[in-house]
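The values are calculated or read from the model by the stated rules, or taken from the named source; none is laboratory data. Here the structure is a predicted model, which is why all the values come from computation and not from measurement. Here the Cβ positions follow ideal geometry from the backbone for every residue, glycine too, while neighbour counts run over all protein chains shown. Areas reflect the complete protein model, heavy atoms only, side chains present, ligands, DNA and RNA absent. Shrake-Rupley method; radii C 1.70, N 1.55, O 1.52, S 1.80 Å.
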4 protein chains.
Amino acid sequence: MLLPFPTPFDNDSGLDQRALRSNIERWNASGVAGYVPLGSTGERVHLGDDEYQKLIEVTRARVPNNLAFIPGAGQQSVRATIDEARIAARLGADALLVITPNFYKSEMTQNALVNYYMAVADASHVPLLLYSVPHLTGVTIQPETIARLSEHENIVGVKDSSGDILALAETIRLVSNDFVVLTGNGSGLYPALCMGARGGILAIGCIAPRLAVAIYDAFQSGEHERARTLQQQLTRLTRAILVRYGISGLKAALDMLGYTGGRVRAPLSDSSEEARREIAAVLKETEMMNESGVESLESGVKS
Amino acid sequence: MLLPFPTPFDNDSGLDQRALRSNIERWNASGVAGYVPLGSTGERVHLGDDEYQKLIEVTRARVPNNLAFIPGAGQQSVRATIDEARIAARLGADALLVITPNFYKSEMTQNALVNYYMAVADASHVPLLLYSVPHLTGVTIQPETIARLSEHENIVGVKDSSGDILALAETIRLVSNDFVVLTGNGSGLYPALCMGARGGILAIGCIAPRLAVAIYDAFQSGEHERARTLQQQLTRLTRAILVRYGISGLKAALDMLGYTGGRVRAPLSDSSEEARREIAAVLKETEMMNESGVESLESGVKS
Amino acid sequence: MLLPFPTPFDNDSGLDQRALRSNIERWNASGVAGYVPLGSTGERVHLGDDEYQKLIEVTRARVPNNLAFIPGAGQQSVRATIDEARIAARLGADALLVITPNFYKSEMTQNALVNYYMAVADASHVPLLLYSVPHLTGVTIQPETIARLSEHENIVGVKDSSGDILALAETIRLVSNDFVVLTGNGSGLYPALCMGARGGILAIGCIAPRLAVAIYDAFQSGEHERARTLQQQLTRLTRAILVRYGISGLKAALDMLGYTGGRVRAPLSDSSEEARREIAAVLKETEMMNESGVESLESGVKS
Amino acid sequence: MLLPFPTPFDNDSGLDQRALRSNIERWNASGVAGYVPLGSTGERVHLGDDEYQKLIEVTRARVPNNLAFIPGAGQQSVRATIDEARIAARLGADALLVITPNFYKSEMTQNALVNYYMAVADASHVPLLLYSVPHLTGVTIQPETIARLSEHENIVGVKDSSGDILALAETIRLVSNDFVVLTGNGSGLYPALCMGARGGILAIGCIAPRLAVAIYDAFQSGEHERARTLQQQLTRLTRAILVRYGISGLKAALDMLGYTGGRVRAPLSDSSEEARREIAAVLKETEMMNESGVESLESGVKS
């Protein structure tokens, strides 16, 4: 379970380094396997290059060495993506999660994707994970394409955020056992694990890390019914917060749970009062938050 | 595991009753739980009303009473659907699988679907299962809508052929335990069962009934790894035959395995020579077919 | 300008023959070139076969011989479409508007469409017009395909309801001059004429026949600015009534203008009070309806 | 007629300033009304910020003052877009063509677009044109939204590349007369003009500036039949080169016609030999290119 956390901004909309550090320290204690900053949840596209580097530096300094540190990367051109990948590697990334190029969608054929990722993988100083997130990009990396790319020694995995569990299963059927297939859908962790996925990179995990880890643990120990029941809770949160309200909803929930979520950058818009009320209600119903303190169920989940 | 079998036509493109009877008798011995004729795989839309009734009569006569018999139904208007439902009930249907109306897609809001199914359920003499198959209809019955409809005492289940396992899981989360949620995707039987589905109505099951039943049995007995491995075989068949070649591919495979598949009606077109070669190859690779006889693996699957 | 009129139902939801006759007689006086009953606006899919025939008979008897009479046709299978085409021809159709088959969408390749229409055209006793209406069917007949089909001597035209004026223009570029290209979009009559279309089959024309004819006449006499201004009025009506409220909106508007629109059949639903208020408002604003009588502007349009 | 020209790269894939200057000088003589560099055809997303500025400087120096100079702009965040807009203005842009933000597609509601463009327009030192190009962005600016934005004094027009002539017509119906509506579709110049558009920003115009200008002139002088015939030629070129082969096809055609097109940046790929043969063939067929020299018909178009 890796956390693709949102980027906290301070009141002037600058990077809030203090909040970043404190969030990470709290997540470090939750049993997660690592971090994936600067992806789609991290508003990478709203950050300048300086901010991109600063965030990597600050995060790197707080992530223990036994946890994975895999920043997002990926510009529209091969050359800019390679430049970015080298910077991230130099700043201490263990690996990189590289989103598909997507501006010239109709030309991003499966062959074009193969050429793109091969070129980046050849040039990158750290291993790559592919990132397929069609609802944002309009581009899907097909299972057969992932299988072709999995043969490159510097391409070690994929984050599949398509929500298409059957395609994810097909990918797993086609790749060798050491290629890491991860889901990016909070509603799909348990079924993805059933189909052979190795875990998830889940935005909803930022507010419910222990719940997400508990699903993983239940699955590993063969407790399928428990895993399924916990998944229903995670799905409830995912649908009510992330699917419905996006990054601003996630940030609002973090604020309610004692993390620092903060604001989003325009043209995204911060959660309305009504959205916050609904988010608070679902956090209470799922016992993520109660009067005596936050994460009450969370704390108890593994007991 | 229910079989939505294709309709066999004879050389003059009439209903081939002899083939129909012999196919059913062979499937009866495979461990399936019942039949769903006259759905999308059954080319209902290519049959006249006389043929629709004749096929129900012939099938009814060969389906043992301990198996379910659930013909497809559903015309564009409420009134025609009710007429059809009453005919099917009179001819011995245990229940009906009712496809969404779909011609006026943009007006088929979730409310319109609720009204439609409520009206049909009120009038039908046998229980209904909802049928959501968006790749054919362009209309999706949302989980919340299924939940509303599940409160009608004459609506007892749903066949979800969307391929969206996460939506299927959400449906299961929202309905009560006695509402029957079935998948219609051959690639998705095992993950659907993991999420709480009760089984499947699977066209690919017509050529691999024992394999499909074996997945179900493995899941029921907690043999997840075995279920997952068998699912990969079923997925292989589904993708290579049904996804790629449709009903004519399924019919060609049936012919190769000793059933009678026969031709499709235009504007569908029969499998090309090349298609048949590929289908034969995948049947051999998956050991569905060998030199000494058909269904060799099938026979062994449960041992 | 041909009218694809809606089917009037009486209070018991039966065919209202009296209303049908009186509507036609009023339209006969409006300068339109003919009628296209039993298409998508005519709720063909909600009618039984008896009603289909009865409507043809009644309409045929009221359409003068100098106007075109082109009923809709088209079932999912080739065989059923041929049967239907022969019935319609026997009952006096001058030609038929044949919708694409659409249930097995993914198999309705351009080649499948060629085979379908060729087979129907070979068997039909009257000429055919192709009917491409992708927002209802999910199937588009591409310009190149229309060009191939235009070489069949019994295929004489096409109704393109895609709303894609550029595709319509491409069709015109590819076909010979005697092939009749008609638009089915009320918002697109004038630009379609500019690109070389011969006219339109326009549902909105049922409530504004004189306005639609006036656009055609203005274009023919080279009065482009007048045609463009009149088109803006027709677009206003089309968007506010048909795009927004569909067939039930069109029927409500007909009722307001002294025709008989009547109810729609379920699962379509009749216009709400609010819809009727909005429709009445737009009819007044566009001066289609005033206190002293209906169609006031209409009457004046050609003066 | 404004030209959104492609960015020429030299053999090391750097900006080819010499080619840029020579292309512009040739286009200056063709009767076009101005330039729109650094849009989607200009591979803006493949350029670094330094290259963006350099290209503006070089182009500005070669564009006569009586022609319009409207560079593309638009980053994902409001803040980065404002920064970019100020740089472009400082470097001499007359106005800017601002593409919709598009990464968080599902949150780019019409309200979000209004807020985005209002904020940028408030801060920009030069006027803005909106840019709606849904096939690249997945985001459409609706006619009603354009109308709302047209009330901002610093928003003066829109480039609509949707290919939806009916939506473009609706925009024109809703905005005041001094708001500049331009089409971005080479196949749609003439019908857009018929509906009231003021012109086009047409990539295909880079290889056929005189032909595009001739369509405009014919329309202005009321020669509709001539305009329509010339449009068919432009459509032929657009479909065979741009629709089929994209920017690399356009660059190949420029090379054939004596301009410098040059290579594209990866992950786009240069035209194959086969593509070049087809492009050469269509240039010959349309008499854009002949043995004795390029642009033979072009030269004669206005005579």
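Things to note:
- For residue A:114, the conditions (1) more than 14 Å from chain B (Cβ to nearest Cβ); (2) closer than 27 Å to residue A:79 by Cβ; (3) under 17 Å from the mean Cα position of the chain (by Cα) are fulfilled apart from (3).
- A single entry from D:22, D:30, D:13 fulfils the requirement of being assigned to a loop (DSSP other than H, G, I, E, B), polar (S, T, N, Q) and over 16 Å from residue D:248 (Cβ atoms): D:30.
- Subset of segment A:96-111 [within 9 Å of another protein chain (Cβ to nearest Cβ) and over 20 Å from residue D:103 (Cα atoms)]: A:111
- Cβ pairs under 8 Å, 6+ apart, first in segment A:172-189 and facing another protein chain (nearest Cβ under 10 Å), second open to solvent by 40 Å² or more (accessible area, probe 1.4 Å) and of a type in the set (Lys, Arg): A:173/B:236; A:187/A:239
- Subset of segment B:50-60 (residues that are touching a residue at least 24 places away in the same chain (Cβ under 8 Å) and not polar (S, T, N, Q)): B:51, B:52, B:54, B:55, B:56, B:57, B:58, B:60
- Output for segment B:151-171, where each listed residue is more than 20 Å from the chain's Cα centre (by Cα) and more than 7 Å from every other protein chain (Cβ to nearest Cβ): B:151, B:152, B:153, B:154
- Selection within segment A:209-222 - away from chain B (no Cβ under 11 Å) and not in a helix (DSSP H, G or I): A:221
- Count - residues of segment B:269-282 that are surrounded by 24 or more Cβ atoms within 10 Å (Cβ to Cβ) and out of contact with any Ser or Thr (no Cβ under 6 Å at 6 or more places or on another chain): 1
- Number of the exception - residue C:7 against (1) without any contact (Cβ under 8 Å) to a residue 60 or more places away in the chain; (2) away from every other protein chain (no Cβ under 14 Å); (3) assigned to a loop (DSSP other than H, G, I, E, B): (2)
- Taken over segment A:158-193, the criterion of being of a type in the set (S, T, N, Q) and within 17 Å of residue B:163 (Cα to Cα) is satisfied by A:161, A:162, A:171, A:183, A:185, A:187.
- Restricting attention to segment B:90-101 and to residues that are open to solvent by less than 20 Å² (accessible area, probe 1.4 Å) and of a type outside the set (Val, Ile, Thr), the residue that is nearest to residue B:61 (Cα to Cα) turns out to be B:93.
- Residue within segment D:119-130 that is within 14 Å of chain C (Cβ to nearest Cβ) and farther than 25 Å from residue A:103 by Cβ present: no
So that you can scan it fast, the table gives a plain yes or no per residue for (1) modelled with pLDDT under 95; (2) hydrophobic (A, V, I, L, M, F, W, C); (3) under 26 Å from residue D:247 (Cα atoms):
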site: A:61; (1), (2), (3): no, yes, no
site: A:71; (1), (2), (3): no, no, no
site: A:97; (1), (2), (3): no, yes, no
site: A:105; (1), (2), (3): no, no, yes
site: A:108; (1), (2), (3): no, yes, yes
site: A:126; (1), (2), (3): no, yes, no
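- Here residue C:25 qualifies as within 30 Å of residue C:217 (Cα to Cα), of a type in the set (Asp, Glu) and surrounded by fewer than 19 Cβ atoms within 10 Å (Cβ to Cβ).
- When B:226, B:239, B:244 are checked against the criterion of being facing another protein chain (nearest Cβ under 8 Å), among the basic types (Lys, Arg) and surrounded by fewer than 24 Cβ atoms within 10 Å (Cβ to Cβ), B:239 stands alone in meeting it.
- Of the residues making up segment A:247-263, those that are part of a helix (DSSP H, G or I), within 19 Å of the chain's Cα centre (by Cα) and away from every other protein chain (no Cβ under 14 Å) are A:252, A:253, A:254, A:255.
- Selection over segment C:268-300 of residues that are within 23 Å of the chain's Cα centre (by Cα), modelled with pLDDT of 95 or more and farther than 19 Å from residue C:5 by Cα gives a count of 4.
- Residue count for segment D:46-95, restricted to those that are part of a helix (DSSP H, G or I), within 14 Å of another protein chain (Cβ to nearest Cβ) and hydrophobic (A, V, I, L, M, F, W, C): 4.
- Near pairs, Cβ below 8 angstrom, 6+ apart or cross-chain, from segment C:15-42 (at positive phi) to any residue that is of a type in the set (Gly, Ala, Ser) and open to solvent by 20 Å² or more (accessible area, probe 1.4 Å): C:34/C:68
- Residues located in segment C:28-44, provided they are surrounded by fewer than 21 Cβ atoms within 10 Å (Cβ to Cβ) and within 15 Å of the chain's Cα centre (by Cα): C:33, C:34
- Of the residues making up segment A:81-124, those that are touching a strand residue (DSSP E or B) at 6+ places or on another chain (Cβ under 7 Å) and among the acidic types (Asp, Glu) are A:84, A:94.
- Yes/no for residue B:266 being within 14 Å of chain C (Cβ to nearest Cβ), under 22 Å from residue B:9 (Cα atoms), of a type in the set (Gly, Ala, Ser) and surrounded by fewer than 24 Cβ atoms within 10 Å (Cβ to Cβ): yes
- Filter pass, residue D:234 being under 19 Å from the mean Cα position of the chain (by Cα) and open to solvent by less than 20 Å² (accessible area, probe 1.4 Å): yes
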